[in-house]
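Trainee: Below you will find the structure I want to go over with you.
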Amino acid sequence: MGRHCQLVMGPAGSGKSTYCATMMTHCQAAGRKVHLVNLDPAAEHFEYEPTIDIRELITLEDVMEELDYGPNGGLIYCLEFLLNNIEWLEEEIGSYDDDYLIIDCPGQIELYTHFPIMRRLCEQLGRWNMAICGVYCLESQFIEDKSKYFSGVLSAMSAMVNLEISHINVMTKMDLVQGDYGNRAADEDIEGETESEKKKRQRKKRAQMERVMVEREMDRYLEPDPLLIAEEAGALEEKPSAWTLKFQALNQAIVQLIDDYSMVSFIPLNITDEESVEYVLSSVDHAMQYGEDLEPKEPDDKVEYD
């Protein structure tokens, strides 16, 4: 039987560690054996103590101190050192024959888009008979800046193309989005409200309409709408500015690239909603066909009868 792992990627601050902790909690509650693997040599704090930790092999602090590298160069050196000593990782995960691994990766985008480091790691995991699903995290606050959002879309697409593994993209921190898209609570009357029932109904109706507008706008980000960047750049204006004219060709090329590939979409994740967490996990499991080769096991805790 093969082994399974999630490779959790994304830019710094995108919620990778929070995602890993959420998945650990959810999997353990469901009775699934799961282990956290830390591949970030600069990591400091974890909600769950990693079962396998690259810092036992090498740390970014030591590399920066001994080799006088900066943080970016030092991080690349650490991951290359791991690949050059891959037998350490093989020995560490060797005993987990049928468990589920969640691998928390560094937040340096170049590792997934410019350097072959993570691809080589994925190839090595494949040789060890591990089914891998890449999980690319992008925080929902990126939608406040369309240019920043599309840079995230392009990075996600680059990672998908370069790594050549099963892959999903997750829009994290959806609990912070106005309107709580996809995970709204039922409408409730305002506590202590003293206005007439008619005004209450009118207020509620306006709130519902606002949420509908939020949903419609969010759909354009969960399924990236290339027109968003055109609108941002003013390409749809009747009289575009000089700045728009200068960069219009580049914007159109980016729009065409995203539209041609049409391979990036995002699953919203609200960590406060169990159904949202379960949907993301089931999407990951489906992508790497988890469970199709599992065999029944004896429970760890046997029930004693009188």
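Trainee: Tally time: how many residues in segment 158-174 are in a helix (DSSP H, G or I) and either surrounded by fewer than 20 Cβ atoms within 10 Å (Cβ to Cβ) or modelled with pLDDT of 95 or more (or both)? Working first, answer last.
Mentor: Initial filter on segment 158-174 (in a helix (DSSP H, G or I)): 158-163, 174.
Filter again for either surrounded by fewer than 20 Cβ atoms within 10 Å (Cβ to Cβ) or modelled with pLDDT of 95 or more (or both), leaving 158, 161-162.
Within segment 158-174, residues that are in a helix (DSSP H, G or I) and either surrounded by fewer than 20 Cβ atoms within 10 Å (Cβ to Cβ) or modelled with pLDDT of 95 or more (or both) number 3.
Trainee: Restricting to segment 277-289, what's the tally of residues that are open to solvent by less than 50 Å² (accessible area, probe 1.4 Å) and over 10 Å from His167 (Cα atoms)?
Mentor: First, pick out the residues of segment 277-289 that are open to solvent by less than 50 Å² (accessible area, probe 1.4 Å): 277, 280-285, 287-288.
Narrowing the set further to residues that are over 10 Å from His167 (Cα atoms) leaves 277, 280-282, 285.
Of the residues in segment 277-289, 5 are open to solvent by less than 50 Å² (accessible area, probe 1.4 Å) and over 10 Å from His167 (Cα atoms).
Trainee: Turning to a different aspect of this structure: If I ask for residues that are among the aliphatic types (A, V, I, L, M) and either outside the structural domain of Glu274 (by TED's automatic domain parsing) or open to solvent by less than 50 Å² (accessible area, probe 1.4 Å) (or both), which ones from segment 19-56 would you list?
Mentor: From segment 19-56, those among the aliphatic types (A, V, I, L, M) are 21, 23-24, 29-30, 34, 36-37, 39, 42-43, 52, 54; that's our starting set.
Scanning segment 19-56 gives Ala21, Met23, Met24, Val34, Leu36, Val37, Leu39, Ala42, Ala43, Ile52, Ile54.
Trainee: Part of a loop (DSSP other than H, G, I, E, B) and at pLDDT 70 or above: does that describe Asp301? Even if it seems obvious, please write down each step before you answer.
Mentor: Working: part of a loop (DSSP other than H, G, I, E, B): yes; at pLDDT 70 or above: no.
So Asp301 does not fit the description; no.
Yes/no matrix, rows are residues, columns are (1) among the aliphatic types (A, V, I, L, M); (2) more than 17 Å from the chain's Cα centre (by Cα):
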| residue | (1), (2) |
| --- | --- |
| Ala21 | yes, no |
| His26 | no, no |
| Val37 | yes, no |
| Pro50 | no, yes |
| Gly70 | no, yes |
| Ile86 | yes, yes |
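The values are calculated or read from the model by the stated rules, or taken from the named source; none is laboratory data. Model, not experiment: these values are computed from the prediction. Virtual Cβ from ideal backbone geometry, glycine too; neighbours counted across all protein chains shown. With ligands, DNA and RNA removed, areas are computed over all heavy atoms of the protein, side chains included. Shrake-Rupley method; radii C 1.70, N 1.55, O 1.52, S 1.80 Å.
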